[in-house]
Amino acid sequence: MKVFDFPLFPEAASSVAGDVDALYFFALAVSAFFSLLIAVFIFIFFVQYRRRHSAEVGDVIHGSMLLEIVWSVIPLVITMVLFGWGAKVYFTTQTPPSDAVEYFGTGKQWMWKIQHPEGHREINRLHVPVGQPIKLTLTSEDVIHSFYIPAFRVKNDVLPGRYTTVWFEATKTGTYHLFCAEYCGTEHARMVGSVTVMEPDAYQAWLDEEAPETAPVAAGAALFEQYVCHSCHGETASERGPTLDGIFGHPAQLTDGRTVVRDGNYLRESILRPAAKVVAGYGATMPPYQGQISETGVLQLIAYIKSLGDETRTAALPNGALAAARGETGTSPGVDAR
Ligand code: CUA
């Protein structure tokens, strides 16, 4: 929607954009309708019931049950419609489809760092194929940022020490704005970038052109090796530690009786501060890795642990990726690639 080339509304370029806009316009229409209605009544009433001579006194009104019910029930119905509709859109925007491809993003004063599942890295740029649901797992290396793509109607805070996700399915090729929407320091206003949506063929061509870095799964495998994680976390449970094969997304009972789902946030905490939540049957013997592994490294380790599904450890890796990863990251895998 453009008025004198002054864009009032961002382009709608994702699968949820229509739903978000419809809800927004409904709320806007309801507000406009009642604002107008009230304004009109104010005008009518002040003409109709104006004081006609200085001694005039108003009627004493004792209330009306009917009126009170009407002005309670109508707003109740409207707000419940907004609530139900809003909840439906909210759950859609918060629940990535199961076939979503996972990308990683890190916010940092003052840039966005993105890594593709194939290993490609970008800074302040994100290339995606059209028509493919994409899930971005986001965290921050310093302060709170907010990942915002207006054209996709997605926005989510990006927090240090926690993973948040946004997902979208771009429906139109083109280049769109990427913003940081949380004041995060002096150069917050410059923490901007672009999202380029491409036809799948063009995207593949772009991938082929760009030199991939080590894919997160392979990089995670190399870190797993480097920190000798396998000595305790083998293919089967050992005395020292549980196996990590196929645990991702599944619940575990802790020593204190609680049950937790072993998702990204749990794994991150358990790598950095293992004593926080120890799986029942094991001692708090694992050393903490806080300060030793970068956020990127932790994301890679989690990507690797996630890949330890039904397949065996080596089969989970692309051809030769583990060897390549060892060679490429051998000396400083914990150091964040910039
Ligand atoms: Cu990052 Cu504002």
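The values are calculated or read from the model by the stated rules, or taken from the named source; none is laboratory data. The model shown is predicted, which means the values in this text are computed figures rather than measured ones. With ideal geometry, Cβ positions are generated from the backbone for all residues, glycine too; neighbour counts draw on all protein chains shown.
Check off (1) out of contact with any Leu (no Cβ under 9 Å at 6 or more places or on another chain); (2) part of a helix (DSSP H, G or I) for Val89 and give me the number that stays unchecked.
(1)
Taking Ile69 and the conditions (1) outside any helix (DSSP H, G or I); (2) more than 16 Å from the ligand (Cβ to nearest atom), which numbered condition does it fall short on, given that it satisfies the others?
Failed condition: (1).
Would a scan of the range 179-193 turn up a residue that is in contact (Cβ under 8 Å) with a residue 40 or more places away in the chain, of a type outside the set (A, V, I, L, M) and away from the ligand (no atom under 15 Å from the Cβ)?
Looking for residues that are in contact (Cβ under 8 Å) with a residue 40 or more places away in the chain, of a type outside the set (A, V, I, L, M) and away from the ligand (no atom under 15 Å from the Cβ), one finds none in the range 179-193, hence no.
Just to be sure I understand, how many residues within the range 146-170 are in contact with a Phe, Trp or Tyr (Cβ under 9 Å, 6 or more places away or on another chain) and not in a strand (DSSP E or B)?
Number satisfying all stated conditions: 4.
Quick check on the range 311-321. Is at least one of its residues surrounded by 13 or more Cβ atoms within 10 Å (Cβ to Cβ), of a type in the set (D, E, K, R) and at pLDDT 80 or above?
No: the range 311-321 contains no residue that is surrounded by 13 or more Cβ atoms within 10 Å (Cβ to Cβ), of a type in the set (D, E, K, R) and at pLDDT 80 or above.
Hey, could you check the range 106-137 for residues that are surrounded by fewer than 17 Cβ atoms within 10 Å (Cβ to Cβ) and either aromatic (Phe, Trp, Tyr) or under 23 Å from Gly185 (Cβ atoms) (or both) and say which is nearest to the ligand (Cβ to nearest atom)?
Among them, the one singled out is Gln109.
Determine if the range 73-80 includes at least one residue that is more than 34 Å from the chain's Cα centre (by Cα), over 30 Å from Thr173 (Cα atoms) and in a helix (DSSP H, G or I).
Yes, that holds for at least one residue.
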